[in-house]
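The values are calculated or read from the model by the stated rules, or taken from the named source; none is laboratory data. What you are looking at is a predicted structure, and each value in this text was computed from that prediction instead of being measured. Here Cβ is always computed from backbone atoms with ideal geometry, including for glycine, and neighbour counts include all displayed protein chains.
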Amino acid sequence: MILHVLGSCSGTEPYPARHHTSVTLETEGSLYFFDAGENCCYTSYTMGLDQLSTQGIFISHTHMDHTGGLPHLLWNLRKLCLIDPANKARMQGRKIPVYIPDLSVFEGIYQMLLGSEGHYETVFELEPHLIADGPLCEKGLKVEAFHNLHLGQPSAGEPWKSFSFTAQAEGRKILYSGDFGQLPELLPHAHQADLLFLETGHHRACDLCRELLESRVDFGKVVFYHHGVEILQDFEGELALAKQVLGDRVLFTNDGSRIEV
Ligand SMILES: [Zn+2]
């Protein structure tokens, strides 16, 4: 399984050489996008990833730094079918599931696509799904969602608005944090993960490393993304502090990082 980092930045103002959050997991010839910050379409395409092999898109929550690139990514899937008949044949009759915690945001994005050229008429279908706790996708990559407290507790009867995911394939397990409240929200799902992929937009990496060490959770590596100001301003200094706690089990990502799991 390969994890490609398309955007490593939290929801800051535009920052040199970093774009908002998005990664794609590649397993057995298929791609699965986790979050879709600005530029995820451009970056994945120019990295040479085969967007037409996308089997699922998972949005942790609907803040702009996680969704800003979704319309462009979906627009490009149609565009690729228009420019090459072989692409069109590959996509004929396909369904692309989009898992999202707020269907009204998907509807807004779909309206953008309809308002662009060609009324989004194409040979494949987008299939929106409201995320709830539990398994989302069982074929290929096995993905499970669990809610977190990044956007607080919903009122009675309302769905949760922010999720983290575990993803398993090829005998490997990844925990993808999305944005989260506190580390204990993730820990019950972190057991035996080969890779914990954690955000630093609301947390300091060295603090999370210390908490992980004290939690005695059994995990492989911890990889940080969705960087906040501490890392944006002092990447090497923050990395050194995190390594003091967990040594070479720690990695900080950049746009374009490629991690084999
Ligand atoms: Zn964010």
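Acidic (Asp, Glu), within 16 Å of the ligand (Cβ to nearest atom) and in a helix (DSSP H, G or I): is that true of Glu214 in this structure?
It is false that Glu214 is acidic (Asp, Glu), within 16 Å of the ligand (Cβ to nearest atom) and in a helix (DSSP H, G or I).
Count, please, the residues in region 43-64 that happen to be of a type outside the set (S, T, N, Q) and more than 15 Å from the chain's Cα centre (by Cα).
Number satisfying all stated conditions: 6.
From the set of residues in region 19-37 that are surrounded by fewer than 23 Cβ atoms within 10 Å (Cβ to Cβ) and either farther than 17 Å from Arg258 by Cα or among the charged types (D, E, K, R) (or both), which is modelled with the highest pLDDT?
If we take residues in region 19-37 being surrounded by fewer than 23 Cβ atoms within 10 Å (Cβ to Cβ) and either farther than 17 Å from Arg258 by Cα or among the charged types (D, E, K, R) (or both), then Glu26 is modelled with the highest pLDDT.
Take region 130-179 and flag every residue that is out of contact with any strand residue (DSSP E or B) (no Cβ under 8 Å at 6 or more places or on another chain), within 16 Å of the ligand (Cβ to nearest atom) and of a type in the set (A, V, I, L, M, F, W, C).
Those that are out of contact with any strand residue (DSSP E or B) (no Cβ under 8 Å at 6 or more places or on another chain), within 16 Å of the ligand (Cβ to nearest atom) and of a type in the set (A, V, I, L, M, F, W, C): Leu149, Leu151.
Among Leu149, Leu126, Leu175, which is the only one that is more than 22 Å from His202 (Cβ to Cβ) and of a type in the set (A, V, I, L, M, F, W, C)?
Residue meeting the stated conditions: Leu126.
Name the one entry in Glu185, Glu170, Glu214, Glu158 that is modelled with pLDDT under 95 and more than 15 Å from the chain's Cα centre (by Cα).
Of Glu185, Glu170, Glu214, Glu158, the one residue that is modelled with pLDDT under 95 and more than 15 Å from the chain's Cα centre (by Cα) is Glu158.
What are the pairs, 6+ residues apart or on separate chains, where a residue within region 155-174 that is closer than 20 Å to Leu198 by Cβ has its Cβ under 6 Å from a residue that is surrounded by fewer than 23 Cβ atoms within 10 Å (Cβ to Cβ) and among the basic types (Lys, Arg)?
Qualifying pairs under 6 Å: Gln168/Lys142.
Among what's in region 63-72 and is in contact with a helix residue (DSSP H, G or I) (Cβ under 7 Å, 6 or more places away or on another chain) and either assigned to a loop (DSSP other than H, G, I, E, B) or touching a residue at least 40 places away in the same chain (Cβ under 8 Å) (or both), pick the residue that is surrounded by the fewest Cβ atoms within 10 Å (Cβ to Cβ).
Checking each candidate, the answer is Pro71.
Residue-wise test of (1) in a loop (DSSP other than H, G, I, E, B); (2) of a type in the set (Ser, Thr, Tyr); (3) within 17 Å of Leu141 (Cβ to Cβ); (4) without any contact (Cβ under 8 Å) to a residue 60 or more places away in the chain.
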{"residue": "Thr24", "(1), (2), (3), (4)": "no, yes, yes, yes"}
{"residue": "Glu38", "(1), (2), (3), (4)": "yes, no, no, yes"}
{"residue": "Cys41", "(1), (2), (3), (4)": "no, no, no, yes"}
{"residue": "His61", "(1), (2), (3), (4)": "yes, no, no, no"}
{"residue": "Leu74", "(1), (2), (3), (4)": "no, no, no, yes"}
{"residue": "Leu77", "(1), (2), (3), (4)": "no, no, no, yes"}
{"residue": "Arg90", "(1), (2), (3), (4)": "no, no, no, yes"}
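Might you check whether a residue that is within 12 Å of the ligand (Cβ to nearest atom) and either under 25 Å from Glu107 (Cα atoms) or at pLDDT below 95 (or both) occurs anywhere in region 43-60?
Scanning region 43-60 turns up at least one residue that is within 12 Å of the ligand (Cβ to nearest atom) and either under 25 Å from Glu107 (Cα atoms) or at pLDDT below 95 (or both).
Looking at Ser104, Ser60, Ser53, can you tell me which residue is touching a strand residue (DSSP E or B) at 6+ places or on another chain (Cβ under 8 Å), of a type in the set (S, T, N, Q) and surrounded by fewer than 19 Cβ atoms within 10 Å (Cβ to Cβ)?
Sole residue among the options that is touching a strand residue (DSSP E or B) at 6+ places or on another chain (Cβ under 8 Å), of a type in the set (S, T, N, Q) and surrounded by fewer than 19 Cβ atoms within 10 Å (Cβ to Cβ): Ser53.
Looking at region 150-166 only, could you name the residues that are in a loop (DSSP other than H, G, I, E, B), of a type in the set (A, V, I, L, M, F, W, C) and surrounded by 14 or more Cβ atoms within 10 Å (Cβ to Cβ)?
Leu151, Trp160
Please count how many residues of region 1-18 are within 12 Å of the ligand (Cβ to nearest atom), at pLDDT 95 or above and surrounded by fewer than 22 Cβ atoms within 10 Å (Cβ to Cβ).
1
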